[in-house]
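*Asks:* Let me begin by handing over the structure; questions about it come next.
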Amino acid sequence: MAKASKSALNKQTGFQKWWSLLRPHTLVASFVPVFLGTSVAMSYTSFHFTRFLVMLVACFFIQTSANLFNEYFDYKKGQDDEHSVGNGGAIVRNGMRPGFILFLAILLYILSILGGVYLSIELNWYVGLLGAICMLVGFLYTGGPYPIAYTPFGEIMAGFFMGGIITFISFYIQAEFISSFIVYVSIPIMVLVGNLLLANSIRDLDPDKKNGRLTLAILLGRKWATVLFAVAFLFSYVFEIALIFTQDAPWWTLLILLSLPEAIRAVKRFIGKSSPITMVPAMKSTSKALTIFGITLAVAYLLSLLSRNLFM
C-alpha cells in the first residue's frame, strides 16, 4: 500500500475501523451477482426466498472472508503499514490482532459452508462443489505460496468467479437449470467485477511494484491500465445493450445508462493521478458504477416480467 497523512488515517474509531476492515467498496461484488442471477431466473420459475437469502448471506460471508484473508496475509508478508492507503493495513494501523482477523475469516468460511450444504441438500452436490471452488479461489487470492493477487490474473479470476459463477449459481438455485442467456447477461458483470480489482491495482501500482507483485496494472503500466479500465466500462455498456437486439433482452436494459455518469467519473478521476491517496475517489466511483449498473440491470428484468404479467 502507499502513504497517506497520519491524521487522516487515525480518524477511524470503533465501528468505523471494523467497517473499513471489511473493505465495503468490494462487497458490491457479492450481492450484485446474486440479485442479477435471481431476477433473470424469475422469468422461468417462481421465487424461492430461502434459497435466495442463503445464497446472498453465503456470498457476503465469502467476500468478507476473502477481504479478511487479504488483510491477514498482506500483514504477514509485510506489505501493509500504518500509513497504508485504503482499507488495508488495519492490523498495524488500528492495532487489530492478526490471530483474531484470521479466526473471523475462518469462521465466516465455515458459515458459508453451512449455506452450501443447505443448497446442496435442496438441489444437488454440484452447487456445493462450485461454491467450494469459489471459496478456494477467495483464499488463494492472497493466501498460499503463489497468491493470485500478486499476478496479472487477479482481475480475470475475480471477474469469472464472483461476476460469473456466483451469477450462474444464483440463477440455477431458482430455475434449476442454466441457460445460455444468463451467461450472456453476466459477461458485463464479470468485466465490471474485474474492473473493480483493476481499479485497486492501478491505485496501488507503485507500492505493489515495490513489494514484488506483478499485477495487471504493473504489467501494462499506468497509462495502458487506465485505458483498459475505460475500455472495460465501454464494452460492458455496449455488450449489455446489444443483447436487446441479439438475444431479445428487455428494453428496460437501457436503465443501466443511469450508471454511466459514475463510470465516466471513475475514469476521469484516474487520469493524470499517480499518488494512491488521490485515486481513492476513483475507487469509490468504480464501486458505485458497478452497484448502479448491476442493480438497474436486475430491476430491468423484474420490470420486464411485471410488464408481461400485466398485459398478458
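*Asks:* Of Y126, Y146, which residue is over 16 Å from the mean Cα position of the chain (by Cα) and part of a helix (DSSP H, G or I)?
*Replies:* The match here is Y126.
Conditions (1) more than 17 Å from E155 (Cβ to Cβ); (2) touching a Gly at 6+ places or on another chain (Cβ under 8 Å); (3) open to solvent by 60 Å² or more (accessible area, probe 1.4 Å), marked per residue:
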| site | (1), (2), (3) |
| --- | --- |
| L214 | no, no, yes |
| S236 | no, no, no |
| F245 | yes, no, yes |
| R269 | yes, no, yes |
| L302 | yes, no, yes |
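*Asks:* Could you give every pair whose Cβ atoms fall below 9 Å, whose first residue belongs to region 27-40 and is outside any helix (DSSP H, G or I), and whose second residue is among the small types (G, A, S), counting only separations of at least 6 or pairs across chains?
*Replies:* Between residues of region 27-40 that are outside any helix (DSSP H, G or I) and residues that are among the small types (G, A, S), the close pairs are L27/S287.
*Asks:* Which residue pairs have Cβ atoms under 9 Å apart, sit 6 or more places apart or on different chains, and have a first residue in region 290-302 that is free of Cβ contacts under 8 Å to residues at least 40 places away in the same chain and of a type in the set (A, V, I, L, M, F, W, C) and a second that is surrounded by 21 or more Cβ atoms within 10 Å (Cβ to Cβ) and part of a helix (DSSP H, G or I)?
*Replies:* Partner pairs satisfying both residue conditions: I292/I256; I292/S259; I292/A263.
*Asks:* What is the residue count in region 247-267 for residues that are open to solvent by 50 Å² or more (accessible area, probe 1.4 Å) and either under 23 Å from L197 (Cβ atoms) or among the β-branched types (V, I, T) (or both)?
*Replies:* Going through region 247-267 one residue at a time, the tally reaches 4.
*Asks:* Which one is farthest from L36 (Cα to Cα) among residues in region 183-212 that are open to solvent by 30 Å² or more (accessible area, probe 1.4 Å) and within 19 Å of the chain's Cα centre (by Cα)?
*Replies:* The residue in question is N200.
*Asks:* Follow-up question, since we're still on this one. Looking only at residues that are more than 16 Å from the chain's Cα centre (by Cα) and part of a helix (DSSP H, G or I) in region 150-178, which one is nearest to F229 (Cα to Cα)?
*Replies:* The selected residue is Y150.
The values are calculated or read from the model by the stated rules, or taken from the named source; none is laboratory data. Everything numeric in this text was worked out from a predicted model, so none of it was measured. When we count neighbours, we look across all protein chains shown, and the Cβ atoms used for this are built from the backbone with ideal geometry, even at glycine. Side chains included, ligands, DNA and RNA excluded: accessible areas come from the protein's heavy atoms. Shrake-Rupley method; radii C 1.70, N 1.55, O 1.52, S 1.80 Å.
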